[in-house]
Structures are given as C-alpha cells and as structure tokens.
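Taken together, the values in this text are just the output of simple stated rules run on the coordinates, not laboratory data. Note that the structure is predicted; figures quoted are calculated from it, not measured. Don't worry about glycine lacking a Cβ; one is built from the backbone with ideal geometry, like all the others, and counts go over all protein chains shown.
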Amino acid sequence: MIQQTAIRVGTRGSALALAQSGQVADRLSRITGSPVELVTVLTHGDHSRESLSSLGGTGVFASALRESLLAGDCDLVVHSLKDLPTVAHPGLRIAAVPQRADARDALCTREGLGLDALPRGAVVGTGSPRRVAQLRTKRPDLEIADIRGNVDSRLGRLVEGDLDAVLLAAAGLGRLGRSDAVTELLELSDWPTAPGQGALAIEAREESTAALDAALSSLDHAASRLTAQAEREVLARLEAGCAAPIGATAEFDDGLLFLTATVYAPDGTASITSSHALVAEGTAAQRSAQPLELGARVADELLERGAADLAPLGGGR
C-alpha cells in the first residue's frame with residue numbers, strides 16, 4: 001500500500017487560528033482524500049504583549065507564516081484576511097478565499113446589556129483603534145480599556161468583573177463555538193468592520209502542484225473574494241494598515257458590487273464616508289479588476305474629502 005503524502009497547513013497556535021485552520025484542513029481532506037496536518041508557527045503577534053496599534057498591526061501575525069511557507073515547512077497557510085497586508089508577498093499568492101463568515105462585530109457584556117443600554121462610565125475592552133473610534137463616536141461617555149489576549153481570556157475578564165463589555169468579531173466567536181457569549185450583533189450599516197473581517201485567506205506558493213491548485217480552487221468562494229478585494233483595495237489605496245481606524249463593507253448581489261467605507265478620527269469626533277457601486281460583469285479578467293476599481297474610487301473620494309488629515313493612515317501596506 002502506497003502511503004499518501006500529507007498536505008501541511010501552516011497556522012498560528014491560538015485557539016481561534018487552530019479552529020479556522022482545522023476547518024480548512026477538514027475540507028481539504030474531504031476534497032483530496034489525502035491526510036492533512038497542521039503545522040503550528042509562532043508569530044511575533046502571538047508572543048508580544050504590546051497593543052496592536054503599537055505593534056503596527058499589519059503583518060504582525062502574517063510574516064512568520066509566510067516565511068514558513070517559503071521555506072517549504074508547509075504547503076499552504078491560513079490567515080484571517082483582515083490581518084494580511086494588502087501588498088502581495090513575492091513568491092506567494094492568495095489561492096483561495098472560502099465563503100465568508102459573519103463580518104459583524106459582536107458586543108459581549110457582563111450584564112446582558114446592549115451598547116445603547118450600557119451605563120455611563122462602563123468599561124469596554126478592545127485592542128482595535130477602529131473599534132475605539134466607533135465607540136467614542138457612539139458612546140463618548142464610556143471608558144475604553146486597551147486589551148490583548150485570546151477570546152477566552154477577554155471573555156474571562158467579564159466574569160472577573162474588571163470589564164463591563166468587550167468587542168469581538170462575530171466570526172471568531174462562531175468558529176470557536178462561543179456565539180452564546182454574544183449580547184448584541186452590531187449592524188454593518190451603522191458599524192462597518194475591518195476590511196476583510198470574517199473572511200479567511202489561504203496563501204500558497206506561486207508554484208504548487210496541479211492537484212493542490214485544483215483543491216484550493218474548489219474552496220474559493222467568488223462573492224467572498226470580490227467583496228474582500230474591494231474592501232482591502234480601500235486600505236491599499238490609502239496606504240493604510242489593518243490597525244487604521246477604517247471600516248469598510250462590500251456587498252455583492254445580483255451582479256451589483258456595492259462598497260462603502262468610513263475613516264474615523266481616533267477620538268471619534270468626526271468621520272468621512274464614501275460609497276460607490278458598479279456592475280460586476282464581463283470576462284474573468286475584467287471581473288477580477290472590478291473590485292480594485294471600486295475600492296480605488298471609494299478611497300480616492302475619501303482622500304479628496306480629507307481622510308489623510310483626519311486619521312493616521314500611512315505606512316501599513
């Protein structure tokens with residue numbers, strides 16, 4: 001009997017990363033009939049206790065995974081797409097964007113109160129400059145605590161009582177089986193989230209086997225890739241990092257690709273929003289360029305309206 005070579009999937013070692021990489025591995029195993037193993041890679045973002053904003057945000061979780069992939073230690077890596085720099089890495093490609101999970105932010109509170117019902121002075125934990133700006137816009141009377149750590153440790157602080165609420169990604173809670181902790185899901189129309197939030201990116205080397213390419217192609221979800229590309233092009237055009245105070249939401253429905261993005265002042269006192277849409281049609285090459293065109297339109301309008309003066313954006317591509 002000939003033993004099949006295992007497909008090696010590189011992943012961070014956090015519970016969330018292992019959960020989402022494990023889901024990708026299970027699907028690959030079913031598609032290919034081959035064994036799939038997880039290869040855990042320690043990233044700088046995992047062992048540093050600094051805030052994401054001080055770390056610079058962009059690439060802090062991705063660099064070590066990419067180095068491992070280029071070194072041949074694994075055959076592909078799984079990223080949370082919102083953590084991935086917008087500039088392609090030499091020798092690598094995003095081979096698949098699986099169907100996107102819930103892109104919304106989730107508010108988890110100690111007393112089961114929604115955002116509007118939290119008392120004045122309630123302490124809300126988040127490590128995201130975008131969420132901080134949104135909280136200061138909507139509830140400037142709240143106190144905000146800069147927090148790091150995994151999902152369980154953040155939720156644990158509600159039990160300990162030093163936080164009244166935490167803001168987390170609904171997708172991550174769902175992948176960990178912790179959706180029961182959600183008090184309120186914040187609607188994207190009022191509370192846009194990080195570009196690419198809820199989506200995964202499967203990155204592979206530019207040269208890989210035809211069998212692996214075919215398997216990854218079957219994991220790719222066209223609408224999820226289109227919407228994520230449009231949102232991320234806003235970041236790329238603004239030369240902004242994933243820690244910048246920017247929310248973006250794209251939708252694809254009946255051939256229409258719609259994108260809206262908002263840049264917030266860090267203190268929440270002002271914001272700038274731009275929205276555009278286009279019909280996604282034509283050849284495959286034309287369709288692949290359309291989310292980039294749409295993202296550029298939105299970003300250019302944001303810049304024309306003063307986004308670069310409103311918030312720190314640069315240096316994060």
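Multiplying the residue separation of ALA289 and ASN150 by 0.36 nm and subtracting their alpha-carbon distance yields 46.4 nm.
Using alpha carbons only, the radius of gyration of region 218-317 set against its Kirkwood radius gives Rg/Rh = 1.00.
Taking only Cα atoms, what is the 0 to 90° angle, nearest 10, from helix 129-138's long axis to the longest principal axis of the chain? Tilt of helix 129-138: around 40 degrees. If R0 is 30 Å, what FRET efficiency do you get for ALA296 and HIS221 from their C-beta distance, rounded to 0.05? Calculated transfer efficiency: 0.85.
With the Kirkwood sum run over all distinct C-alpha pairs, region 105-186 has a hydrodynamic radius of 12.4 Å.
In this rough spin-label picture, where each label sits 7 Å from Cα along the Cβ direction, the ALA117-ASP180 distance is 2.0 nm.
For the pair ALA265 and ALA211 in one chain, pulling the backbone fully straight at 0.36 nm per residue adds 14.7 nm over the alpha carbon distance.
Extension gain, VAL87 to GLN23: 0.36 nm times the residue separation minus the Cα-Cα distance gives 20.4 nm. Treating the angle as unsigned and between 0 and 90°, give the value, to the nearest 10°, between the Cα long axis of helix 15-32 and the longest Cα principal axis of the chain. In the chain, helix 15-32 runs at an angle near 30 degrees to the longest axis.
Compared with the dominant principal axis of the Cα atoms in the chain, helix 151-160 is inclined by about 30°.
For THR32 and ASP309, the FRET efficiency from 1/(1 + (r/R0)^6), where r spans their Cβ atoms and R0 equals 51 Å, is about 0.50. Residues GLU67, GLU160 in ascending order of nearby Cβ atoms (within 10 Å, fewest first): GLU160, GLU67. Kirkwood's formula applied to the C-alpha pairs of the chain gives a hydrodynamic radius of 20.1 angstrom. Put a dot 7 Å past the Cα of THR273, heading toward its Cβ, do the same for ASP141, and the two dots end up 2.3 nm apart.
Working note: Cα atoms of region 116-254, range along each principal axis, descending, whole Å: 57, 31, 29. Considering helices alone, the calculated mean residue ellipticity of the chain at 222 nm is -10500 deg cm²/dmol, with DSSP H runs of length four and up weighted by -39500 (n - 2.57) and normalised per residue.
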